[in-house]
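Only one structure is covered here, and it is reproduced in the block below.
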Amino acid sequence: MDQQYQPKQVEQIAQKYWETHNTFKTVEDPKREKFYCLSMFPYPSGNIHVGHVRCYMIGDVIARHQRMLGKNVLQPFGWDAFGLPAENAALKHNVPPAQWTKKNIAHMKFQLQQMGFGFDWSREIATCDPTYYRWEQWFFLQLYAKGLVYKKNSMVNWDPVDQTVLANEQVINGRGWRSDALVERKEIPQWFLKITAYADELLSSLDELPGWPEQVKTMQRNWIGRSLGLNIIFKVQDQEQTMSIYTTCPDTLLGVTFMAISYEHPLAVVAAKTQPELQDFINQCQQGSTAEADLATMEKLGMETGFKAINPLNGELIPIWIANYVLAEYGSGAIMAVPAHDTRDWEFAKKYNLPIKQVVTPADGSVIDVQQAAYTDKGILVNSGKYDNLDYHSAFNAILQDLQKLNAGEQQVHYRLRDWGVSRQRYWGTPIPIIYCSHCGTVPVPENDLPVVLPENVTITGSGSPLAKMPGFYKVNCPKCQQPAQRETDTFDTFIESSWYYARYACPDQNNSMLDERANYWTPVDQYIGGIEHAILHLLYSRFFHKAMRDLGLVKSNEPFTNLLTQGMVIKDGAKMSKSKGNTVDPQDLIERYGADTVRLFIMFTAPPELSLEWSDAGVEGASRFLKRLWSIVYQHINEGTEELTTAYFKHQFNSAQKDLRFKLHSTIQKVSDDVGRRFTFNTAIAANMELLNSLSTFKVQDQIDRQVRQEVLNSIILMLSPIIPHITHSLWLNLGNATAIIEQAWPKVDAHALTQDTINVVVQVNGKLRANITIDPDCTKETLEHAATQNDNIQKFIGGKTIKKIIIVPRKLVNIVVEE
C-alpha cells in the first residue's frame with residue numbers, strides 16, 4: 001500500500017475490477033428481492049456538469065447500498081437523444097443531428113464512467129435508435145386502434161421562419177425564442193393522445209403513492225384539476241349561437257356583469273368581420289404570451305364586441321367582451337365574469353369601469369367592500385332574489401334545479417387536464433407511423449413495416465422540417481390500395497420517448513415485442529430520482545403510458561415509480577448551475593485534480609438531496625483532506641499489523657475504553673443505516689463516520705485486542721462509506737487484509753451486545769448552562785438520576801441556597817436544573 005493517497009491510480013484499479021468482473025451487469029433472479037433504482041436519463045448535450053452528477057450520485061449511492069443489503073439491484077442508463085437542441089446545434093456546427101448526438105453520447109459516457117457510477121451499461125439505450133423508437137411507433141398504433149389517438153385542428157403558436165409549432169414558453173414578447181420572428185396563432189392539424197380518458201385514475205391513484213413527495217402529488221392534482229361545477233347555456237341576443245360556460249361558482253350567477261371570451265372564440269371572429277378595430281385588437285392578442293404564468297400577471301386588456309348574452313335566471317342582458325386573459329384551449333374559451341368575486345375579473349372591470357355587483361357576503365357577518373377588492377371566499381348569498389341567505393352548497397343545488405327546468409344547465413365534472421398534443425413539425429424525432437391516401441384516408445403503417453426509420457444523413461437549414469422536403473421519405477404507396485400516398489412528416493414530442501424508457505431497460509434486447517416478462521420482474525421502479533422541474537409533465541405522461549401499457553397487457557402494475565426523490569439544484573455564485581448561465585463546473589477538471597471520490601464525497605456531504613447544494617471550492621478541498629486522512633490512518637494501522645476478527649474476538653470481555661469505542665461504532669452503524677436506507681440524509685451519514693474516525697484517532701492501541709477493535713472500526717467505516725466513495729474503499733478494504741472485494745460485501749450489522757453499557761455519561765445543566773458531567777447506571781430510576789445530579793459537588797456551587805423550580809430530564813442524555821436567579 002502506498003503511503004500517499006494516489007486517487008487516479010486507485011480509481012483506475014477499482015474501475016478495471018468492476019469492468020473485468022461485469023460487476024454491475026444484472027440478470028433477473030426470481031429467488032431474490034429485486035430493487036430497481038433509476039435516475040432520469042439526460043439529454044446528450046456534450047458535457048455533464050456537477051448538476052447532472054448530483055442526480056446520478058444519489059441514485060448510485062442508493063443502488064450500492066441496496067446491493068449491500070442483498071437485493072438484486074438494477075441501475076441502467078441511457079440517453080434522451082431526440083429533440084430540438086440537436087437541430088440547433090447541427091445548424092450551428094453544420095453537421096447532421098445524428099452525428100452530433102452520437103459523438104456527445106460517447107463523450108458523456110466516458111465522463112460518467114470516470115465518476116465510477118455502477119450502471120449496467122449492457123442495457124444502455126438511446127431513444128434515437130430505431131430499435132427503440134420502433135416500439136413506440138407500434139404502441140402509438142395500438143392506442144390508435146383503441147380510440148386513444150385522434151387528429152384534429154388545433155390552434156398553435158406558429159413560428160413562420162422556423163416553420164414549427166412553439167410551446168407557450170418559447171414565445172417571448174410575441175416572438176419566437178430562436179428566430180425572433182413574430183409568432184402567429186395558426187390552426188393546423190395535430191395528433192393527440194387521449195390522456196383525459198385516464199384522468200380519473202391518474203388522480204385517484206396518486207393516493208397509492210406514499211413514497212412520492214406531497215408537493216409533487218399536489219402539483220399533479222392541480223394539473224389534472226378535477227372540479228365539480230355547472231355547464232350553463234347563455235343565449236346571445238339576436239343570434240342563433242349560444243354560449244356554453246363552465247363554472248364552479250354557480251352561486252355567483254346573479255353577479256355576472258360581463259362575459260369574457262377569447263380572441264379565437266367564434267363570436268369574436270364574427271364581431272371582427274364588421275369592426276376593424278376589433279380585428280386589430282385580436283391581432284395584438286395573437287402576439288401576446290399564452291403561458292399561464294404570464295396571463296396571471298399581464299395587464300388585462302379587452303374590447304366590447306357589441307353582442308349581449310342573456311342571463312338564464314333573470315333575463316338580464318350582459319355585454320360580451322374579448323379579453324386577453326381568456327384562452328380558447330381552456331374550457332369553452334368563454335367565462336361569465338363576476339368581478340365582485342374574482343380577482344382577474346375585478347381588475348378588468350376596474351380598468352374599463354364595468355359594474356361590480358356583490359352577491360356573496362362572509363358567513364361570519366363581517367363587512368367587505370367589493371369596490372376595493374374582490375371577495376373570493378365561499379359565503380352567504382345576497383342581492384340574489386330567491387337565493388338570498390343560502391350558503392354555497394344550497395345555492396349550487398337550487399340554481400342547478402332551476403337551470404335544469406329551463407334546459408339551460410347541467411352538473412358536470414370538469415378537468416383542467418387537456419389531451420396531449422404529440423405532433424411536432426421538426427426533424428430530429430420519431431416519425432409518426434401514419435400514411436395519408438386520397439382513396440383510403442388515414443392509414444396506419446402496418447406493423448411489419450415498422451420501424452419508420454428517420455433518415456439520419458440530413459442537412460439542417462433552420463427553416464421547416466427536412467422531412468417535408470424529402471420525397472424519398474414521404475412518397476410511399478398506400479398499404480391498403482397500393483396507390484401513391486404520402487407519409488406523415490411530423491415527428492413525436494420527445495416526451496413520448498421518456499414516458500416508457502424505464503420499462504424498456506428491463507428488456508432492451510427484445511426484438512419481437514415492446515416488452516416481455518422481464519418488465520414485470522423489474523417494474524415498477526423502486527426508486528426514481530430526478531429534478532422537481534419534471535414533477536408534472538414527464539411524470540404524468542409516464543403514469544399515463546404505464547396505465548395504457550397495463551391495459552394492453554404489457555405490464556401488470558398500476559404505476560411506474562413506487563418511490564420518488566426530487567433532488568435540489570446545484571447553485572453557484574447565487575444562480576442555478578446551467579450551461580445557459582455559463583456557470584457550470586466540469587467534473588472532468590475536478591477528477592483530474594482531486595479524483596472522482598473527492599467529487600462524490602463533496603456532493604453527498606454538502607447538503608441533503610432534496611435541498612439546493614451551494615458549490616464551494618473550499619468544500620471540495622475539505623473533502624480531499626478527509627480522504628487523505630482516512631488513507632493515512634489505514635496506512636498506519638496496516639504498518640502496525642492488520643488483525644483477523646475471529647469468533648473469539650466478538651466474545652471477548654472488553655475493557656472500558658474498548659467498550660466505549662465499540663459502543664460508538666455500533667451506535668454509528670445504527671444511525672448511518674437509517675440515514676442511508678430510510679432518510680436519504682447522506683450528509684449526516686458521512687458526518688457520523690467522520691465523528692467515529694475522530695474517536696478512533698484518540699483511541700490508544702496497546703495490545704492485540706486494541707488492534708482488533710481498531711480493525712473492526714476501520715472495516716465498518718470503509719463499508720459504510722463504500723456506496724459514496726467506492727474507489728478508495730475498494731483499495732482500503734483489500735489492503736486491510738480482506739480476501740474479497742468490498743463490492744461483494746454485506747452492509748455492516750449492529751452488534752446489540754456492544755450497545756449495552758455498564759455506565760453512561762449524562763450532561764448536567766443549571767438554567768441551560770453546562771456545569772457538570774456525571775457517570776451513572778443507564779437503567780437507574782429518575783429519582784436516582786436527580787439525586788446524583790443535584791448532589792454533584794460542582795452543581796452544588798450553582799444551586800446551593802437557591803430554590804429549585806423544576807428539573808428537566810432527557811433520559812440517558814441530560815439533566816437541566818432550573819433555579820431562581
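Amide H contacts under 5 Å for I172: W177, restricted to partners 5 or more places along the chain or on a different chain, H placed in the peptide plane at 1.01 Å from N. A convex hull fitted to the Cα coordinates of the range 401-513 yields 228 cubic angstrom per residue. Entry note, the range 225-292: relative contact order of 19 percent, from Cα contacts under 8 Å with a spacing of 6+ residues. In sequence order, the range 685-697 has phi-based couplings of 5, 5, 4, 5, 5, 5, 5, 5, 5, 5, 5, 5, 5 Hz under the Karplus curve 6.51 cos²θ - 1.76 cosθ + 1.60, θ = phi - 60°, and Gly or Pro positions carry x. Taking a point 7 angstrom from the Cα of S122 along the C-beta vector, which residues in the range 488-518 have backbone N less than 18 Å away? Flagged as within label range: 504-511, 516-518. In the chain, a dipole from Cβ-located charges (positive for Lys and Arg, negative for Asp and Glu) runs towards its positive end, and of Y594, A260, A374 it is Y594 whose Cα lies farthest in that direction. Note the angle between two axes, namely the Cα long axis of helix 596-606 and the longest principal axis of the Cα atoms of the chain, as a number of degrees from 0 to 90, rounded to the nearest 10. That helix lies at roughly 80 degrees to the long axis.
Looking at this model, which pairs from K146/K547; K300/K378; K235/K405 are more than 22 angstrom apart at the alpha-carbon?
Distance filter (> 22 Å) returns K300/K378.
Under 5 Å between amide hydrogens, built in the peptide plane, is the criterion, and for F82 it picks out T127, C128 among residues at least 5 positions away or on other chains. Taking 22 Å as the straight-line reach from the Cα of K572, the lysines in range (excluding those fewer than 8 positions away in the same chain) are K581.
Given only helices, namely DSSP H runs of n ≥ 4 each adding -39500 (n - 2.57), what is the per-residue ellipticity at 222 nm of the chain, to the nearest 500 deg cm²/dmol?
On the way: 27 runs with 302 residues, N = 821.
Taken over the chain, the calculation gives -11000 deg cm²/dmol.
Helix 343-352 axis versus longest C-alpha principal axis of the chain: approximately 40°, rounded to the nearest ten. Does the range 140-220 come out rounded, prolate or oblate, given a ≥ b ≥ c as the square roots of the eigenvalues of its C-alpha gyration tensor, rounded meaning a/c under 1.5 and, failing that, prolate meaning a/b above b/c? The shape class here is oblate.
Suppose a student asked you for the relative contact order of the range 1-107, using Cα pairs under 8 Å spaced at least 6 residues apart; what percent would you report?
Details: 84 pairs, mean separation 33.8, N = 107.
Relative CO of the range 1-107 lands at 32 percent.
Protection proxy ranking of 392-398, 561-567, by the mean of other Cβ atoms within 10 Å over each peptide's residues and highest first, is 561-567, 392-398. Think of the range 74-162 as a dipole: +1 on every Lys or Arg Cβ, -1 on every Asp or Glu Cβ, centred on the Cα centre; then among H107, S154, Q137, Q137 lies furthest on the positive end. With contacts taken as Cα pairs under 8 Å and at least 6 residues apart, the chain reaches a relative contact order of 14 percent. Each DSSP beta bridge with both residues in the chain is either parallel or antiparallel, and the antiparallel ones are about 75%.
Sorting S179, S438, S624 by accessible area (1.4 Å probe), largest first, what list results? Intermediate results must be reported in sequence, preceding the final value.
On the way: S179 35, S438 105, S624 10 Å².
Accessible-area ranking of S179, S438, S624, largest first: S438, S179, S624.
Taking the longest Cα principal axis of the chain as reference, the axis of helix 726-735 is set at about 20 degrees. When peptides 484-497, 208-221 are ranked by their average number of other Cβ atoms within 10 Å per residue, the highest-first order is 484-497, 208-221. If a/c stays under 1.5 just call it rounded; otherwise compare a/b with b/c (prolate if a/b is bigger, oblate if not). Do that for the chain, with a ≥ b ≥ c from the square roots of the Cα gyration tensor eigenvalues. The shape class here is oblate.
Using the average count of surrounding beta-carbon atoms within 10 Å as a protection proxy, the listed peptides 762-774, 363-375, 122-134 rank, highest first, as 122-134, 762-774, 363-375.
Considering only DSSP beta bridges with both partners in the range 738-821, what is the antiparallel share in %, to the nearest 5? It would help to have the intermediate numbers written out before the result.
Values: 13 of 17 bridges.
So the antiparallel bridges in the range 738-821 amount to around 75 percent.
Computed extension length for T461-K351: 35.0 nm, one decimal, from 0.36 nm per residue of separation with the Cα-Cα distance subtracted. For the listed residue pairs K102/K217; K651/K700; K71/K671; K659/K797; K151/K556, the alpha carbons are over 24 angstrom apart in K102/K217; K659/K797; K151/K556. Only Lys, Arg, Asp and Glu carry charge here, each on its Cβ (+1 for the first two, -1 for the last two); on that basis the chain has a dipole of about 920 debye about its Cα centre.
Placing a label point 7 Å from the Cα of D449 along the Cα-to-Cβ line, the residues of the range 415-434 whose backbone N sits under 17 Å from it are 431-434.
The values are calculated or read from the model by the stated rules, or taken from the named source; none is laboratory data. Note that the coordinates shown come from a computational prediction; the quantities given were computed from them, not determined experimentally. Using ideal geometry, Cβ is built from the backbone for each residue, glycine included, and neighbour counts are taken over all protein chains shown. Remember, those area values only see protein heavy atoms, side chains included, never the ligands or the DNA or RNA. Shrake-Rupley method; radii C 1.70, N 1.55, O 1.52, S 1.80 Å.
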